[in-house]
Every structure is written in structure tokens, then in C-alpha cells.
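To keep things clear, I will list the structure first and then write my remarks on it.
What follows is calculated from the coordinates using simple rules that are stated; it is not laboratory data. Remember, it's a predicted structure, so these values are computed and weren't measured experimentally. Positions of Cβ are generated from backbone atoms using ideal geometry, with glycine treated the same way; all protein chains shown enter the neighbour counts.
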Amino acid sequence: MNTNVTKCTMCMNLQKDPVYLSKCGHYFCKSCTKLFFEKTMICPTCRRENLLLGKLPVGYTTWRTEYNSLPGYEECGTIVITFNFKEGIQGMVESFLWEPFCGLLCTSYLPNNPAGQEVCKLLRSAFDARLMFTIEESPATGDEYNIICSGIELKTNRSGGPTNCGYPDPSYLDRVKCQLAEKGITLPDDDSL
């Protein structure tokens, strides 16, 4: 199983907690992110401006591959991505300042082919940038302060088609890449995430 562990570009400390990825592809730890991005939104490494960073609480993601295939992608295995947030108190987003929020454990599935691997990298970048989820009222339950997807569609079921957030869905990979691009998440030119 892979986990998202890397070195901060500024302080060079190895980060076991989730790190944040700027649009330019540089990684930063939480303290360096707070120091530079909350004030300037300029990457201190390459000086790229207007870097977008979401305000979701810290969580973590893991991914693994399985030999089982998904409907419509019988020729390949499956990438399983898990997103995990513990419940806590929100202190970063002004509209929810000091409000408790519910945790979230979410599993998503992608075909383990080149297109699915590309989407996996993009989803990991969006997660690191804290752009995949937000804290809002749950549309399903009406409960306040829940972590929900923020406009990036996930396949949370292996089967059942689009109406059940599952496969087969031939246009899903292209759709989710468009949703990610709208949030500024694209692969770097060298494709090295």
C-alpha cells in the first residue's frame, strides 16, 4: 500500500501528516503552508502566483491496487483510493469557526489503466491541495458541518452505473478530469507526482 509521504520543499522535513501540493507541483508541510500561502499565495520555491489552496481540515488518503476489474474495464484491475478525515473542531474556515464537524471515510474506485492512473494522480493532487471536499450541510441528511465532496465526482461503488456512483460509466474519467481542471488541478508538464 502506498501512502502520501514526501519532503517539504521549504524546510525539507519528511512529512508523515498530509502535505499540501501547490498547482506548480511543489510540496509543503502544514507549518510552511501556513507561513507562506495564507499571506502571499505565491510559491516560495518557483514564485508562481495565485496558487489555490482549499481550507478543508487535515485528513489523509491511501491507495492500493486490486486484481478485480470494474464493469466496463474488464481488461484491467482496480485502483482503490480511501479518503479519511477524523471528526474535529473547524478553526480554519471563517464561516464555520470553532464549529464541530463529523468525520468521513470514503472509498473511491478507478480502473487500473493509463487513464485511471492519471485520474488517480489528479485526485491525489486535489486532495493534497484540500480542494476535493468541503464542510457544509449534508444534502442527503440535512445535518450541518459534514465533510462532503466539493464538485469532484467520485465513484464510491464498483457497479450500479452513474445513478449509483458506480461503473459502467464510459464518460466518467473524462468528466472528472474536467471537474479537476476547473479547480486548477492538472498534471505538471513532467507528469512527476
**Message:** Could you check the spin-label model distance between E87 and C178? Points 7 Å from the Cα along Cα→Cβ, value in nm.
**Reply:** 3.8 nm
**Fill in**
Residue span E118 to E75: 0.36 nm per residue of separation minus Cα-Cα distance leaves a gain in nm of 13.8 nm
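Can you give the FRET efficiency for N68 and N164, using 1/(1 + (r/R0)^6), R0 = 30 Å, r = Cβ-Cβ distance, to the nearest 0.05? Let's see the in-between values first.
Working: r = 18 Å, r/R0 = 0.58.
Computed FRET efficiency for N68 and N164: 0.95.
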**Item:** Modelled label reach - I148, point 7 Å along Cα→Cβ, the range 172-186 residues with backbone N closer than 20 Å
**Value:** 176, 179-180, 183
